[in-house]
Amino acid sequence: MIKSYKNIGNLFLITALVLFLASVIFGFLASLLYRYPEFLKDSIGLSGLRPMHVTAAIFWILLAATGAIYRSLDEITKQNNHKYLKLLHWILWVIALIGIYYAYFTGNFGGREYWEYPPVFALLIGLAWVLFLVVFILKVRAIKKWPVYLWMWFTGILYFLFIFIENYLWVIPYFRESFIKDMVIQWKAAGSIVGAYNMLVYGTAFYVMERISKQANTGFNKWAFALFFLSFFNMLFNWGHHLYLVPTNPTIHYVGYIVSMTEWVFFIKIIYTWKKQVTEAETYLHYFPYRFILASNFWLFFNLTLALFMSIPVINLYMHGTHFITAHAMGTTIGINTMILLAAVFYFLLPEEENHHSQWLKAGFWGTQISLLIFLIALMGMGITKSLWFFEEPQAPFGEMMERSRVWIVLFIASGTVLMGSFVILISKITATYYKRS
Amino acid sequence: MNKWVSITFVLLSTAFLLFSWNIYRDEAVYEKKPADYDAEMQKQGRLVWQKYNCHVCHQLYGLGGFLGPDLTNVSEKGYHYVDAFLKNGAASMPAFNLTEEETNQLFEFLKASNASGSSNPKEYRKLWNGMIEQ
């Protein structure tokens, strides 16, 4: 712990890993409810487990990204300063976390999907975020020419704050007057806040890759900026694709639809650079930060394909309201964000390659990749079952539809168990090696 | 380069702010359905829905958790139907201890959601350009 204190970035990374561990455990318990509805039903139940799981997952992403950004900024500016501000930033998060989990365990909710804690805790998180913005600006103000990852971080930090506030407009009764308007604002915020934290994560991926390949100019590449603006544009305007079924102003639907379709550019770009990556992969494969980023690229391709089809309204009609959405959400948070952040954790906490030659780490890596694939297939199987049910005539009762999904649910729980096990191996191996080194 | 990046950044941000502002204030775009529900109570009902985390298992217009059915139009089945589920639970749904006032507010909220449209995917029309519409 002492060593961590010298660098608050590491303290954030370690705290994030603890949340990650909590998230997979709560997620595993929640998955059991699909098969055993009586499990914990009258105590925590899914009403408690799902918020515990989702909050820990989102906070893992936010805190790991924060830690990675703090470490990167120290490297870029070659000084580890503003320690007390950073420490205060961390302390605010810890107080918020304790409060939020206390509330969850005592059955005290009141927030909305993904942010179910009583809204007072949002004040602490908002305040922590303001501090993050302040430290970021203090660190980078002397840098004249910003590489693309500084822009991504700046955009992510600034917009997260804005959207986080928008996410709480419902506290004001005016915004709850129209049911539809309230839904629109809720999913507008929910959609673009993901874009905001993706900016933090993708910026980190870019930075780590630049350092691994030791090509200092990639951060000023024109393509990199073009892709940054395309993501930014999508973050601001593509959220309408969550709302195709909500009867609101068609402009909102069309803007979401058209903007989402610009993401085909990413798709083409990935195929285009495929070959280059394969060659590169041979050089760096044994280096875990690289390996996880490579994995994230695979998952990016997988999820982007799914998302692109889902963003076409007539196709969305068949996938919306089913576990396809869960597959999309979990596929991106685990496959893309978590893989990138694990790459960052390795890069900043265990940079030497000799620490990566471990059978346990290899098993953890492959365990997560393979079980994640099966896990997502199971969710999509549940999705197809439900979609067929939506359109059948006459429609069987809901419980019967769930019963038809039994095979998928068993597969979902089994692969989820392996996924949890693999992550536990990775997390414990990383932390154990980290503390042994220090 | 820095200059162009900054200019594009500001332009996109401005467009976003204008778009958002329009959504916050423009009432015309949200079709007002006949209000056969109590507007004040439905506002409170939204908070009851949140307090008990119904969205963890249920959806409104397909958005939410997927352990239970979509509830956008459940109010059509009547107050007592909903109340019975709340009092007794079913499958993984636990029994909830709502006060009568809370149940009333929640039901007004569900009436408001029902009045806004239908979440049944069968009731959408497909347009030539790939869009769907109720």
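The values are calculated or read from the model by the stated rules, or taken from the named source; none is laboratory data. From a predicted model like this one, the values you see are computed outputs, not experimental measurements. Heads up, the Cβs are rebuilt from the backbone with ideal geometry, glycines too, and the neighbour counts pull from every protein chain shown. Accessible surface areas use protein heavy atoms only, side chains included; no ligands, DNA or RNA. Shrake-Rupley method; radii C 1.70, N 1.55, O 1.52, S 1.80 Å.
Write down the accessible area per residue of the range A:1-144 in Å², having rolled a 1.4 Å probe over the full set of protein chains.
40
What residue among A:N81, A:N221, A:N234 has the largest mean-square fluctuation in a Gaussian network model of chain A, using Cα springs under 10 Å?
A:N221
Quickly work out the B:K3-to-A:E392 label distance, labels modelled 7 Å from Cα along the C-beta direction, and quote it in nm with one decimal.
6.5
What residue among A:I61, A:I268, A:I384 has the largest mean-square fluctuation in a Gaussian network model of chain A, using Cα springs under 10 Å?
Of the options given, A:I268 has the highest mean-square fluctuation.
Over the range A:120-219, what is the relative contact order in percent, taking alpha-carbon pairs closer than 8 angstrom and at least six residues apart?
Across the range A:120-219, relative contact order equals 34 percent.
I'd like the distance separating the alpha-carbon centroids of the range A:225-281 and the range A:5-22, in whole Å.
Value for the Cα centre distance between the two parts: 32 Å.
Indicate the residues belonging to the range A:29-50 that lose 10 Å² or more of solvent-accessible heavy-atom surface (probe 1.4 Å) upon moving from the chain alone to the assembly of all protein chains, ignoring ligands and nucleic acids.
Buried by the other chains: A:L33, A:Y34, A:P37, A:K41, A:D42, A:L46, A:S47, A:R50.
Measuring with a 1.4 Å probe in the full set of protein chains, what accessible area per residue, in whole Å², belongs to the range B:39-133?
43
Rounded, prolate or oblate: which fits the range A:286-438 when a ≥ b ≥ c are the square roots of the eigenvalues of the alpha-carbon gyration tensor, with rounded for a/c under 1.5 and prolate only if a/b beats b/c?
In terms of gyration-tensor shape, prolate.
Kindly compute the accessible surface that chains B and A hide from a 1.4 Å probe when together, both sides summed, and give it to the nearest 100 Å².
Buried surface at the B/A interface: approximately 6500 Å².
Per residue, how much space in cubic angstrom lies within the convex hull of the C-alpha atoms of the protein assembly as shown?
Residue-normalised Cα hull volume stands at 146 Å³.
Find how many whole Å separate the alpha carbon centroid of the range A:123-141 from the alpha carbon centroid of the range A:47-107.
First find each Cα centre; the distance between them is then 12 Å.
Keeping the other protein chains in place, figure out the carbon and sulfur percent of the accessible area of the protein assembly as shown, with a 1.4 Å probe.
67
How much FRET efficiency would the formula 1/(1 + (r/R0)^6) give for A:Q359 and A:T305, where r is the Cβ-Cβ distance and R0 is 45 Å, rounded to 0.05?
After rounding, the FRET efficiency stands at 0.85.
When the helix-only estimate is applied to chain B (DSSP H runs of n ≥ 4, each -39,500 (n - 2.57), divided by the residue count), what is the mean residue ellipticity at 222 nm, nearest 500 deg cm²/dmol?
-15500 deg cm²/dmol
Go through A:M52, A:M261 and list them by solvent-accessible area, largest first, probe radius 1.4 Å.
A:M261, A:M52
Within the range B:89-134, list the chymotrypsin sites (Phe, Trp or Tyr not before Pro) lying in a DSSP loop whose Cβ has at most 10 other Cβ atoms in a 10 Å radius.
Those that pass, being in a loop and sparsely packed, are B:W128.
For the range A:154-209, compute the orientation-averaged projected area of the C-alpha convex hull (one quarter of its surface), in nm².
Mean shadow area of the hull around the Cα atoms is 3.6 nm².
To the nearest 10 Å², what's A:S387's accessible area with a 1.4 Å probe?
Ignoring ligands and nucleic acids, A:S387 comes out at about 20 Å².
Efficiency by 1/(1 + (r/R0)^6): what FRET value for A:K144 and A:Y84, r their Cβ-Cβ distance, R0 = 22 Å, to the nearest 0.05?
0.25
If you find the alpha carbon centre of the range B:62-116 and of the range A:362-409, how far apart are they in angstrom?
25
Residues of the range B:41-71 losing 50 Å² or more of accessible surface, assembly versus chain alone, probe 1.4 Å, please list them.
Buried by 50 Å² or more upon assembly, which counts only protein chains, are B:K43, B:R46, B:Q50, B:N53, B:H55, B:V56, B:Y61, B:L63, B:F66, B:L67.
Express in nm, to one decimal, how much length is gained between A:Y174 and A:N217 on full extension, taking 0.36 nm for each residue of separation and deducting their alpha carbon distance.
Between A:Y174 and A:N217, full extension yields an extra 10.5 nm.
Please find the FRET efficiency linking B:K87 to B:A39, where r is the Cβ-Cβ separation and R0 is fixed at 30 Å, and quote it to the nearest 0.05.
Efficiency, from the Cβ-Cβ distance: 0.70.
GNM, chain A, Cα, under 10 Å: largest mean-square fluctuation among A:L19, A:L285, A:L376?
A:L285
How would the range A:236-344 be classified by its alpha-carbon gyration tensor: rounded, prolate or oblate, with rounded meaning a/c under 1.5 and the a/b versus b/c comparison settling the rest?
Prolate, since a/c reaches 1.5 and a/b exceeds b/c.
Does the range B:28-127 come out rounded, prolate or oblate, given a ≥ b ≥ c as the square roots of the eigenvalues of its C-alpha gyration tensor, rounded meaning a/c under 1.5 and, failing that, prolate meaning a/b above b/c?
It is oblate, given that a/c is not under 1.5 and a/b is not larger than b/c.
Helix check for chain B. Which DSSP H runs span at least 18 Å along their own axis by Cα, with a mean Kyte-Doolittle hydropathy no less than -0.5?
B:2-25
Using helices alone, what [θ] at 222 nm do you get for chain A, with -39,500 (n - 2.57) per DSSP H run of 4 or more residues, divided over all residues and rounded to the nearest 500?
The helix contribution divided over chain A gives -25500 deg cm²/dmol.
Not counting ligands, DNA or RNA, and with a 1.4 Å probe, what is A:W360's accessible surface area in Å² rounded to the nearest 10?
That residue has around 150 Å² of solvent-accessible surface.
For A:V418, put the label point 7 Å out on the Cα→Cβ axis and report which residues of the range A:22-42 keep their amide N under 11 Å from it.
none
At a probe size of 1.4 Å, how large is the accessible area of A:K276, to the nearest 10 Å²?
The accessible area of A:K276 comes to roughly 140 Å².
Compute accessible area for the range A:302-322 by itself and then with all protein chains, 1.4 Å probe, and report residues whose area falls by 20 Å² or more.
A:P313, A:V314, A:L317, A:Y318, A:H320, A:G321
Taking 8 Å as the Cα distance limit and 6 or more residues as the minimum spacing, I'd like the relative contact order of chain B as a percentage.
Computed value for chain B: 26 percent relative contact order.
How much accessible area per residue does the range A:263-344 have, in Å², with a 1.4 Å probe?
Here the per-residue accessible area is 39 Å².
Over the range A:1-144, what number does the Rg to Rh ratio reach, with both radii from the alpha-carbon atoms and Rh per Kirkwood?
My calculation puts Rg/Rh at 1.06.
Among the complete DSSP H segments of chain A, which ones combine at least 27 Å of alpha-carbon extent along their axis with a mean Kyte-Doolittle hydropathy of -1.0 or more?
A:8-32, A:45-77, A:83-105, A:120-140, A:179-213, A:288-310, A:359-391, A:406-437
Which Cα, out of A:G321, A:Y70, A:Y284, lies furthest along the positive dipole direction of the protein assembly as shown (beta carbon charges, K/R +1, D/E -1)?
A:Y284
Heavy atoms only, probe 1.4 angstrom, no DNA, RNA or ligands counted: give me A:D182, B:D36 ranked by accessible area, highest first.
In descending accessible area the options line up as B:D36, A:D182.
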